[in-house]
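Data block below; observations after.
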Amino acid sequence: LRGQELGSPFIRNFTPKEYGADSQNWAVIQGPRGVVYAGNNQGVLAYDGVRWRLIRTPGRSTVRSLAEDGDGRIFVGAVGEIGYLAPDPRGRMAFVSLADKLPADARTFSDVWTTRATSRGILFQTREEMLLYDGLRFQVWKASTTFHVAFAVGDRIFVRQREAGLEELVGGRLQLLPGGERFAHESVFAMLPSKGSILVASRNLGLWRLTDKGLEAFPTEADALLKAAALYGGTLLPDGTFALATIQGGVIVMDGEGRV
């Protein structure tokens, strides 16, 4: 076609038959050398641009969360298992368990919903525990009720605890944020840096900003969309806008002033 550029489509879809695993994927990151890793119901999928490979955990459990540390190592949070990926004797990526480094009373847990690389180490969060691994040993915080989702923003670590609210890890202890009790029975699915504050995105109570003064309501054009579509996560994009993912309504992109 004269005057038009032809090339590859912007989006390439892969079917379960092509990648050779289950249809449900929970997490995706791009690691060293451009390899894409996805947390699948059957393990970790690795795609190098040519072929897919499935890396199973020892218990063949569902992989819920992934994170990459500053050295390019991929950490894995699965159902009842935590670890990282490293080359085996043949040079192929394999799962290496960290369970033996946990204290004996912290080795029984369910889904690892959050794995995040922080300035303090790798954070793993389950319903029962928060685990922080500094490369040598673990620190463990057990929930009084149950943990929902944990977040890392800069040097700060937060977690929502059901029936308590939104808490921050300060000096080795979990402390309720001022006003954080409003989230005791309300889900928070994203906490993102936002011009000297932190954007707090809840499913039913809208968006908030966490400042030095505490939590402040942040009404935006996205409020009705997010509530109707069921917010599930979010990330900060390179241009400073926010991409907020929903279960039923796609991705909503919003700027720092709340414009969709």
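Taking all Cα pairs closer than 8 Å and separated by 6 or more residues, the relative contact order of the chain comes to 7 percent.
Of SER23, SER194, SER202, the residue with the greatest mean-square motion in the GNM of the chain, using alpha carbon springs below 10 Å, is SER23. Modelled label positions at ARG259 and ASP71, each set 7 Å beyond Cα in the direction of Cβ, lie 4.5 nm from each other.
Largest accessible area first, the listed residues ASP239, ASP71, ASP111 line up as ASP71, ASP239, ASP111 when surface is computed with a 1.4 Å probe on the assembled protein chains.
Annotation: lysines with alpha-carbon distance below 27 angstrom to LYS195 (same-chain offsets under eight excluded): LYS213, LYS227. Lysines near LYS142 by alpha-carbon distance under 27 Å, same-chain residues fewer than 8 away left out - which ones? Cα-Cα hits under 27 Å: LYS101.
Taking every pair of distinct Cα atoms and averaging 1/r, then inverting, what Kirkwood hydrodynamic radius in Å comes out for region 2-73?
13.6
Globularity index of region 3-127 is 1.15 (Cα radius of gyration / 2.2 N^0.38 Å, N = number of residues).
When the convex hull of its Cα atoms is viewed from all sides, the chain shows a mean projected area of 16.9 nm². The dipole here belongs to the chain: it is taken about the Cα centre, uses +1 on the Cβ of Lys and Arg and -1 on the Cβ of Asp and Glu, and is about 600 debye.
For region 176-242, the convex hull drawn through the C-alpha positions has a volume of 87 cubic angstrom per residue. Per-residue extension of 0.36 nm, minus the Cα-Cα distance of ARG107 and VAL50, leaves a gain of 16.8 nm for this segment. Just checking the listed ones, ALA224, ALA150, ALA99: in the Gaussian network model of the chain with Cα springs under 10 Å, the one fluctuating most is ALA224.
The values are calculated or read from the model by the stated rules, or taken from the named source; none is laboratory data. Since this is a predicted model, take the numbers as computed values, not measurements. Cβ sites come from the backbone with ideal geometry, for glycine too, and all protein chains shown count toward neighbours. SASA here: full protein model, heavy atoms, side chains in, ligands and nucleic acids out. Shrake-Rupley method; radii C 1.70, N 1.55, O 1.52, S 1.80 Å.
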